[in-house]
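Report on one structure; see the data block that follows.
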Amino acid sequence: MPTRKQITMLLSFLGLMLTVQAAWAIEFGIGQSKEELGLKYELFVNDHGTGRVTVVLDIVDAGKLKPINSISLYIPAEGKTGRPDLLVSLATKIVDGKTQVRAHLTKELAERAQLQLKTTSDPRTDTTNRLLFYHPRG
């Protein structure tokens, strides 16, 4: 049977985890256009003819989003749950001076997919604060 000290420690740990989860969930979208942000990118979709595609994003200049902290592949759930079917950070690499991410997925998922560029630089106020994201459009 757990002791009072163990229960207190467990409740403290759970409270900490809930606080961390809430902090991670605070994200705000950036409504400015890529031109307003000085963002330059190329988005390629290669259809393999197998029901699968490869999506490649090359960021030439991050503009006011510098520095980009991460790039995520976000696929919203069908319906209005507000929860994603998939949310994963993509590995970045530098190719010919451009930051590049790549994802291979089914066409059905690609039709719903969004790429999120995440930064802590707020281009509206030129300050560093909360995690912000921008969705490149193809």
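Restricting to the stretch 93-122, name every residue that is under 16 Å from Val53 (Cα atoms) and polar (S, T, N, Q).
The answer is Thr106, Gln114.
Could you list, in sequence order, all residues of the stretch 45-65 that are more than 24 Å from Asp122 (Cβ to Cβ) and in contact with a Lys or Arg (Cβ under 9 Å, 6 or more places away or on another chain)? Scanning the stretch 45-65 gives Asp47, Gly51, Arg52, Val53, Thr54, Val55, Val56, Asp58.
Of the residues in the stretch 53-101, how many are in contact with a strand residue (DSSP E or B) (Cβ under 6 Å, 6 or more places away or on another chain), farther than 19 Å from Gly38 by Cα, of a type in the set (Gly, Ala, Ser) and not in a strand (DSSP E or B)? Before you say what the answer is, go through the steps one by one.
Our first condition is that a residue be in contact with a strand residue (DSSP E or B) (Cβ under 6 Å, 6 or more places away or on another chain); within the stretch 53-101, this holds for 53-62, 65, 68-77, 84-90, 92-93, 98-101.
Filter again for farther than 19 Å from Gly38 by Cα, leaving 53-56, 72-77, 84-90, 92-93, 101.
This time we only want the ones that are of a type in the set (Gly, Ala, Ser), so: 72, 77, 89.
Okay, now just the ones that are also not in a strand (DSSP E or B), so 77.
Residues meeting the conditions: 1.
Taking the stretch 37-48 as the range and being assigned to a loop (DSSP other than H, G, I, E, B), surrounded by 13 or more Cβ atoms within 10 Å (Cβ to Cβ) and at negative phi as the test, only Leu39 passes.
Cβ-Cβ distances below 6 Å connect the following pairs, each with a first residue in the stretch 36-55 that is in contact (Cβ under 8 Å) with a residue 40 or more places away in the chain, a second residue that is among the β-branched types (Val, Ile, Thr) and surrounded by 14 or more Cβ atoms within 10 Å (Cβ to Cβ), and a separation of six or more residues or different chains: Tyr41/Ile59; Val45/Val53; Val45/Val55; Asp47/Val53. The residues in the stretch 49-64 that are over 18 Å from Val101 (Cβ atoms) and either surrounded by 15 or more Cβ atoms within 10 Å (Cβ to Cβ) or not β-branched (Val, Ile, Thr) (or both) can be counted, and the count is 3.
Read-outs throughout are calculated quantities, based only on the coordinates presented, and are distinct from any laboratory measurement. Treat the numbers as computed from the prediction; the structure is a model and nothing was measured. For neighbour counting, all protein chains shown are included, and Cβ atoms are generated from backbone atoms with ideal geometry for every residue, glycine included.
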